[in-house]
1. What residue, among those in the stretch 82-91 that are touching a residue at least 40 places away in the same chain (Cβ under 8 Å) and surrounded by fewer than 22 Cβ atoms within 10 Å (Cβ to Cβ), is nearest to residue 17 (Cα to Cα)?
2. Suppose we filter 97, 143, 102 for residues that are crowded, with 19+ Cβ neighbours inside 10 Å, free of Cβ contacts under 8 Å to residues at least 60 places away in the same chain and outside any helix (DSSP H, G or I); which single one remains?
3. Just the residues that are out of contact with any strand residue (DSSP E or B) (no Cβ under 9 Å at 6 or more places or on another chain) and in a loop (DSSP other than H, G, I, E, B), please, taken from the stretch 110-140.
4. Mind counting the residues in the stretch 204-219 that are buried (at least 23 other Cβ atoms within 10 Å of the Cβ) and closer than 12 Å to residue 230 by Cα?
5. Kindly evaluate residue 69 against the criterion of being touching a residue at least 12 places away in the same chain (Cβ under 8 Å), surrounded by 19 or more Cβ atoms within 10 Å (Cβ to Cβ) and in contact with a strand residue (DSSP E or B) (Cβ under 8 Å, 6 or more places away or on another chain).
6. Between 244, 270, 275, which is surrounded by fewer than 16 Cβ atoms within 10 Å (Cβ to Cβ), more than 15 Å from the chain's Cα centre (by Cα) and without any contact (Cβ under 8 Å) to a residue 12 or more places away in the chain?
7. Could you tell me whether any residue of the stretch 41-51 is at pLDDT below 90, under 27 Å from residue 292 (Cβ atoms) and assigned to a loop (DSSP other than H, G, I, E, B)?
8. For the stretch 10-39, what are the residues that are part of a helix (DSSP H, G or I) and modelled with pLDDT of 65 or more?
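The values are calculated or read from the model by the stated rules, or taken from the named source; none is laboratory data. Here the structure is a predicted model, which means the values were calculated and not measured. Cβ placement follows ideal geometry from the backbone for every residue including glycine, while neighbour counts extend to all protein chains displayed.
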């Protein structure tokens, strides 16, 4: 079996692209994805809730809903999308091809849900927004979710989010559900970074992946936008501001299911330029056949190493403060005082100045 495949009509579709037979999702999963999932499973009461809801989640109802009120993609309906789905599954070596539906919704979105048999849904807003190469990356993104087994937890999050609204009037019930929803959202955001990498492995066109993220942020005005300028935004967002901006970034992202588009673009750019990505493209990657022997301790060390490197190179003031304190640089009280009063932005006073 060849490790290369060709498909499509233009762009990345006309050139040879590598396939990854037997590849383990460990090959592309973001360290934060694995760390957040481990932390989620340690959350008090999560196992109990997960086991209870696994038997209650209306998967059959969900499938009937899509079947009755969406268009199922196949050889006779949306055949171009069907071809992209088959190509993505061949590239990542996903044996069971998920059902794919197109749902009428002007909001650009895609999801992969289901407990036992993942279902991929693309909205009409997304289908109309993206070109073929960008769509290839998005479908690869969703196939990556399926290969990583993310669909189970994503379905759980959808169900619990609706439940949280229904039990909002019950104080303790709301607190318990909200805690799990918050933890699931944190994992959900990091799982998107893993799936972005899977999308890049399928499309093997970093420019197309970046364009897709840029369009999600700015709409179908490609002639008015520029990928390099968009990535400069990402650099400014990651490095800019003072401690207050760092706190506001955290508060802004908490209610969101997805990371911000510029954050995803920056993360994907880093990975596309990394030695890990190049090794994958050269055919060196972990196999699913070895997953049972994978070391949990090794994954934890990898996650720790990833975060240590990000802390070391980050320009974010809050990250730098935490790093300095952890390293013994101290002066926490003074820094927090400056943060609260804005004194860090004032010029230093001379010796003869008085308050």
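1. Just the residues of the stretch 82-91 that are touching a residue at least 40 places away in the same chain (Cβ under 8 Å), to begin with: 83-85, 87-91.
Within this subset, residues satisfying the condition of being surrounded by fewer than 22 Cβ atoms within 10 Å (Cβ to Cβ) are 83, 89-90.
Working: 83: 15, 89: 13, 90: 11 Å.
Checked the stretch 82-91; the qualifying residue nearest to residue 17 (Cα to Cα) is 90.
2. Working: 97 fails: crowded, with 19+ Cβ neighbours inside 10 Å; 143 fails: outside any helix (DSSP H, G or I).
Result of the check over 97, 143, 102: 102.
3. Residues satisfying the conditions are 115, 116, 130, 131.
4. 4
5. Values: touching a residue at least 12 places away in the same chain (Cβ under 8 Å): yes; surrounded by 19 or more Cβ atoms within 10 Å (Cβ to Cβ): no; in contact with a strand residue (DSSP E or B) (Cβ under 8 Å, 6 or more places away or on another chain): yes.
In short, no.
6. 275
7. Yes, the stretch 41-51 contains a residue that is at pLDDT below 90, under 27 Å from residue 292 (Cβ atoms) and assigned to a loop (DSSP other than H, G, I, E, B).
8. First, pick out the residues of the stretch 10-39 that are part of a helix (DSSP H, G or I): 11-14, 25-27, 31-39.
Answer for the stretch 10-39, where residues must be part of a helix (DSSP H, G or I) and modelled with pLDDT of 65 or more: 25, 26, 27, 31, 32, 33, 34, 35, 36, 37, 38, 39.
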